[in-house]
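> Below is a structure I'd like to ask you about.
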Amino acid sequence: MLGIIAAWLAAATSSVVTVAGAPRSSLPSRENAKVVLNTTTRHREWVTLPVGSASIGSSSMLAFVVYPERTDKAGVVVVSARNEGASEWARAIADQLAAEGFIAIVPDAGSDHGLDEIARRNDAARTYATALPAANGRSALLNVDGTLTSEAWPQIVHPLSSATGNPFEDHSAHLAMMAAAQQPGGGAPSRVVPGLGEKKPDMPASYYTATATLARSKLRREWVDIPLGPGSDAKLHTWIEYPEGNNKAGVVIVMQHGVGLDDWMRSVADQLALQGFIAVAPDIWSGTGPNGENRDAFKFPDDAMRAAAGKINAEETQRRYKAARDYALKLPRANGRTGSIGFCAGGGSSFRFAADVPELNAAVVFYGTPPAEEFMAKIRAPVLGFYGENDARVTATVEPTIALMKKLGKSYEPHIYQKVTHSFVYFQDLGANMDAVADAWPRVITFYNQHLK
């Protein structure tokens, strides 16, 4: 039997609200779980968390986190699937909970763990998630060890909302926006947006036009495998695209979003090259595929994310981006000036890169979180940031970052767009995302023209 095991904090005092109209979520079937995970518009990531304390023994675990698209703080639901851990089905359930406005986290605790260890891992997941800037501090535990029917799904969601202070009406507008962009139940997206299939020449592609953009491009491009130096047999599989002509140009390191170096990331590199820069896009997950292959060995992004989880940490990520930059500076057409640009996870990497590489000339951050103060203090390059209002996980960090960068005497120019989601350059069809891209991208090119020419 499936049930809510506990609410760690007191339940909300308001009554449960029933909302008329189409459901925002549904229980995914096991057969449909992979489809849900590979077509969701919500931000998700794998994180490595400490488990336990010195007194009882410490270890670490992986956990899968999915975030809602909302402007305010969200309640947390820990999804515990004792018999299967962070399986596709458990993670697809987490995605549907995020559709209801929760931050959902799935600790990787399976049948090989005893009840005490599972409880310890669930508590570690709760501790992590409730401390996030976008969390409201309240949480509930959802046990999915048994059988659940789609008919019972609403009866599960409503008590979770009550326990975590998640009133439906507070964020119904943007949930409706997300629902309109997806088929019921999280199936393959069905989107009909005027002009979406036509990429503008001075704007980056969306998810919808990325592959066609690459196919049509006439620019010179190549794959190279960059050695990662002593102590490593791995090579960094890297996409490089060059602007027209033979003149020297500034280099931009293109940092991958949460699902890795896919066609869309390469289309961003194509756009940068089209507008005059040498674009270098490394596959940070190089070597994590089957038999040591790369990101392009995977058909589905969720499989690539799962394979890379826990293998490439922040320090290794920075080391790989540095290797790409070092290689790029030796290219015959490089003019000696370098910038970085990143989206989602890559946005955070771009911000951190400005600290780890003081010689960097410019850093662009799209909906990425900032590094710790100790890293910010090392930044010399100007940082330009772009964020969506309906992305509290990231946007909640902007005001503190403004204050801290000002205190440290650093240059930081953030832009927050109303009614805009996470990943708005990728999902240009949601809400006001297309308008945000139209404002943000010219700012990026102006910024690079100022600092990389």
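The values are calculated or read from the model by the stated rules, or taken from the named source; none is laboratory data. Keep in mind the model is a prediction, meaning the values are calculated, not measured. Methodologically, a virtual Cβ is constructed for each residue, glycine included, from the backbone with ideal geometry; neighbour enumeration extends over all protein chains shown.
> Go through (1) modelled with pLDDT under 95; (2) under 21 Å from the mean Cα position of the chain (by Cα); (3) not assigned by TED's automatic domain parsing to the domain that holds residue 364 for residue 197 and report which single condition fails.
(2)
> Okay, moving on. Let me confirm something: among 361, 313, 291, which residue is of a type in the set (S, T, N, Q), out of contact with any Pro (no Cβ under 9 Å at 6 or more places or on another chain), surrounded by fewer than 24 Cβ atoms within 10 Å (Cβ to Cβ) and in contact (Cβ under 8 Å) with a residue 24 or more places away in the chain?
313
> Out of everything in region 115-161 that is among the basic types (Lys, Arg) and in contact with a Ser or Thr (Cβ under 8 Å, 6 or more places away or on another chain), what residue ends up being farthest from residue 62 (Cα to Cα)?
Once the filter is applied, the top-ranked residue is 138.
> Select the helices (runs of 4 or more DSSP H) contained entirely in region 389-453, then report the ones holding at least 2 residues which are surrounded by 22 or more Cβ atoms within 10 Å (Cβ to Cβ).
In region 389-453, the matching helices (runs of 4 or more DSSP H) lie at 392-395, 433-452.
> Same structure again: I'm trying to understand the selection: among the residues of region 81-116, which are out of contact with any Gly (no Cβ under 9 Å at 6 or more places or on another chain) and over 24 Å from residue 38 (Cβ atoms)?
Result: 114, 115, 116.
> Shifting gears a bit: Check off (1) surrounded by 19 or more Cβ atoms within 10 Å (Cβ to Cβ); (2) outside any strand (DSSP E or B); (3) in contact with a strand residue (DSSP E or B) (Cβ under 7 Å, 6 or more places away or on another chain) for residue 279 and give me the number that stays unchecked.
Here residue 279 clears every test but (2).
> Testing residue 297 on (1) touching a helix residue (DSSP H, G or I) at 6+ places or on another chain (Cβ under 8 Å); (2) touching a residue at least 12 places away in the same chain (Cβ under 8 Å), one condition comes back false. Which one is that?
Every listed condition holds for residue 297 apart from (2).
> A further question follows. Find all pairs meeting these conditions: Cβ atoms under 9 angstrom apart; at least six residues apart or on different chains; first residue within region 341-353 and in the same structural domain as residue 321 (by TED's automatic domain parsing) and within 15 Å of residue 315 (Cβ to Cβ); second residue among the charged types (D, E, K, R) and in a helix (DSSP H, G or I).
Note: pairs meeting the criteria are 353/322; 353/325.
> So in region 137-160, with the set limited to residues that are buried (at least 20 other Cβ atoms within 10 Å of the Cβ) and modelled with pLDDT of 90 or more, which one is farthest from residue 86 (Cα to Cα)?
138
> Something else about it: Search region 370-386 for residues that are closer than 20 Å to residue 437 by Cα and pair each with any residue that is charged (D, E, K, R) and part of a strand (DSSP E or B) when their beta-carbon atoms are under 8 Å apart and the residues are at least 6 apart or on different chains.
Close Cβ pairs satisfying both conditions: 383/413; 384/413; 385/413.
> Can you work out which of the residues in region 89-116 that are more than 29 Å from residue 430 (Cβ to Cβ) and either in contact with a helix residue (DSSP H, G or I) (Cβ under 9 Å, 6 or more places away or on another chain) or not in a loop (DSSP other than H, G, I, E, B) (or both) is modelled with the lowest pLDDT?
Out of the qualifying residues, it is 110.
> Mind telling me which of the residues 134, 92, 81 ends up being small (Gly, Ala, Ser), in contact (Cβ under 8 Å) with a residue 60 or more places away in the chain and surrounded by fewer than 22 Cβ atoms within 10 Å (Cβ to Cβ)?
From the options 134, 92, 81, the qualifying one is 134.
> With within 15 Å of residue 27 (Cα to Cα) and more than 18 Å from the chain's Cα centre (by Cα) as the only criterion, which of 100, 117 stands out?
The match here is 100.
> Something else about it: Go through 86, 119 for me and flag whichever is assigned to a loop (DSSP other than H, G, I, E, B) and among the aliphatic types (A, V, I, L, M).
86
> Could you please find all residues in region 319-349 being among the polar types (S, T, N, Q) and within 23 Å of residue 422 (Cα to Cα)?
340, 349
> So is residue 264 not aliphatic (A, V, I, L, M) and not in a helix (DSSP H, G or I) or not?
The answer is no for residue 264.
> Can you pull out every residue in region 71-93 that is acidic (Asp, Glu) and either in contact with a Cys (Cβ under 8 Å, 6 or more places away or on another chain) or closer than 18 Å to residue 112 by Cα (or both)?
84, 88 - these are the residues of region 71-93 that are acidic (Asp, Glu) and either in contact with a Cys (Cβ under 8 Å, 6 or more places away or on another chain) or closer than 18 Å to residue 112 by Cα (or both).
> Same structure again: In a helix (DSSP H, G or I), under 25 Å from residue 250 (Cα atoms), touching a helix residue (DSSP H, G or I) at 6+ places or on another chain (Cβ under 9 Å) and polar (S, T, N, Q): which single residue out of 317, 338 fits that description?
Being in a helix (DSSP H, G or I), under 25 Å from residue 250 (Cα atoms), touching a helix residue (DSSP H, G or I) at 6+ places or on another chain (Cβ under 9 Å) and polar (S, T, N, Q) holds for just one of 317, 338, which is 317.
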